Amino acid sequence: MELFDKHGGYRKLHSFTFATMIHLETISFCKRFIPWQEDSLGKTAGQMIGAARSGRQNIIEGSERSATSKETEIKLTDVARASLAELLGDYEIFLAERGVIPWSNKDKNSKNFLALMLSEFHSSDDQLYDYWKFYHNEKNRFAPWFQHQDATYVANVMILLIQRTMKMLAVQIRRQGEIFMEEGGFREKMYQKRSEVLDAQIAEDPNVPKCPECQQIMRKRNSQRGAFWGCSAYPNCRGIRQI
């Protein structure tokens with residue numbers, strides 16, 4: 001059993017590439033369609049861009065923290081999803097202010113946009129360069145949707161992209177929870193790994209007896225009645241010997 005889980009690898013996640021797209025296209029959307037005269041303090045644009053950034057950055061941090069804390073990974077992935085939900089609300093209000101209803105899932109535009117798929121990311125030892133080359137190639141296929149001149153059209157596209165990414169993150173959270181239930185957390189692995197090391201050291205000591213029940217090595221333990229030998233496989237085995 002490895003003590004540290006695999007970590008990083010977020011660039012291979014479609015959710016991360018879509019979150020990157022959401023972040024960059026939200027910056028572009030705010031520059032194009034939220035004029036400073038209507039948002040003189042920059043609150044609307046700032047909050048939208050901040051929520052988009054949070055969605056992307058928390059995927060990164062959660063992935064990097066997965067080596068030592070599955071719990072933190074799950075929490076940060078959930079924060080990423082919640083940040084995108086906040087951004088989704090901003091785009092909905094943008095449409096509502098203009099009396100526009102979001103596209104239905106049955107709408108032709110919705111179906112055509114959701115049919116667009118991402119390629120798989122593969123990298124060499126030059127991952128940073130490879131990823132951004134990959135990203136811009138992928139984004140070019142989505143670009144006509146983002147470059148539309150109608151603000152409400154682009155807002156609808158962003159809503160579809162955010163919803164799609166949130167669904168991916170929900171699946172990731174469920175899978176992360178399943179892995180935690182199957183493999184346990186970092187503290188459990190630390191205890192187990194340390195126990196393995198102690199058992200190996202004890203096994204080399206000729207004075208350490210074997211368990212009369214299962215023949216595993218024994219460890220010195222203490223109770224209110226004094227010290228005794230207890231099976232190292234406890235609680236699965238409760239064999240004891242007197243010292």
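The values are calculated or read from the model by the stated rules, or taken from the named source; none is laboratory data. Just so it is clear, the structure is predicted and the values come from calculations on it, not from any experiment. Cβ coordinates were reconstructed from backbone atoms using ideal geometry, including for glycine residues, and neighbour counts include every protein chain displayed.
When Arg187 is evaluated against the numbered criteria (1) surrounded by fewer than 11 Cβ atoms within 10 Å (Cβ to Cβ); (2) at pLDDT below 80, which criterion, by number, is the only one it fails? Of everything listed in (1) surrounded by fewer than 11 Cβ atoms within 10 Å (Cβ to Cβ); (2) at pLDDT below 80, Arg187 misses just condition (1). The set of residues in segment 135-181 being among the small types (Gly, Ala, Ser) and either modelled with pLDDT of 95 or more or crowded, with 16+ Cβ neighbours inside 10 Å (or both) consists of Ala143, Ala151, Ala155, Ala170. Is it true that Asp199 is surrounded by 12 or more Cβ atoms within 10 Å (Cβ to Cβ), modelled with pLDDT under 90 and of a type in the set (Asp, Glu)? Answer is yes for this residue. Restricting the first residue to segment 165-178 and requiring it to be in the same structural domain as Glu73 (by TED's automatic domain parsing), which pairs with a second residue that is surrounded by 12 or more Cβ atoms within 10 Å (Cβ to Cβ) and among the acidic types (Asp, Glu) meet a Cβ separation below 6 Å and a spacing of at least six or different chains? Within 6 Å, the pairs are Ile173/Asp78; Gln176/Glu73. Selection within segment 100-120: residues that are part of a loop (DSSP other than H, G, I, E, B), modelled with pLDDT of 95 or more and touching a Leu at 6+ places or on another chain (Cβ under 9 Å). The member of this set that is farthest from Arg11 (Cα to Cα) is Ile101.
Kindly provide the set of residues from segment 63-99 that are buried (at least 16 other Cβ atoms within 10 Å of the Cβ) and in a loop (DSSP other than H, G, I, E, B), ordered by number. Hits for segment 63-99 are Ser66, Ala67, Thr68, Ser69.
I'd like to verify a number: residues in segment 155-179 that are closer than 18 Å to Ile49 by Cβ and either of a type in the set (Lys, Arg) or touching a His at 6+ places or on another chain (Cβ under 9 Å) (or both), how many? Of the residues in that region, 2 qualify. Selection of segment 21-61 for residues being touching an Asp or Glu at 6+ places or on another chain (Cβ under 6 Å) and touching a residue at least 24 places away in the same chain (Cβ under 8 Å) yields Met48, Ala51.
Kindly provide the set of residues from segment 203-228 that are outside any loop (DSSP other than H, G, I, E, B), buried (at least 17 other Cβ atoms within 10 Å of the Cβ) and either among the polar types (S, T, N, Q) or at pLDDT 85 or above (or both), ordered by number. None - no residue of segment 203-228 is outside any loop (DSSP other than H, G, I, E, B), buried (at least 17 other Cβ atoms within 10 Å of the Cβ) and either among the polar types (S, T, N, Q) or at pLDDT 85 or above (or both), so the list stays empty.
Of the residues Gln37, Gln47, which single one is modelled with pLDDT of 95 or more, out of contact with any helix residue (DSSP H, G or I) (no Cβ under 6 Å at 6 or more places or on another chain), surrounded by fewer than 18 Cβ atoms within 10 Å (Cβ to Cβ) and not β-branched (Val, Ile, Thr)? None of the others qualify; the one that does is Gln47.
Of the residues examined, Ile49 is one that is of a type in the set (Val, Ile, Thr), farther than 22 Å from Leu118 by Cα and in the same structural domain as Ile162 (by TED's automatic domain parsing). Being over 20 Å from Ala51 (Cβ atoms), modelled with pLDDT of 95 or more and assigned by TED's automatic domain parsing to the domain that holds Ser15 is a description that does not apply to Tyr91. For segment 96-117, the candidate set comprises residues that are charged (D, E, K, R) and free of Cβ contacts under 8 Å to residues at least 12 places away in the same chain; within that set, the residue that is nearest to Asn137 (Cα to Cα) is Lys111.
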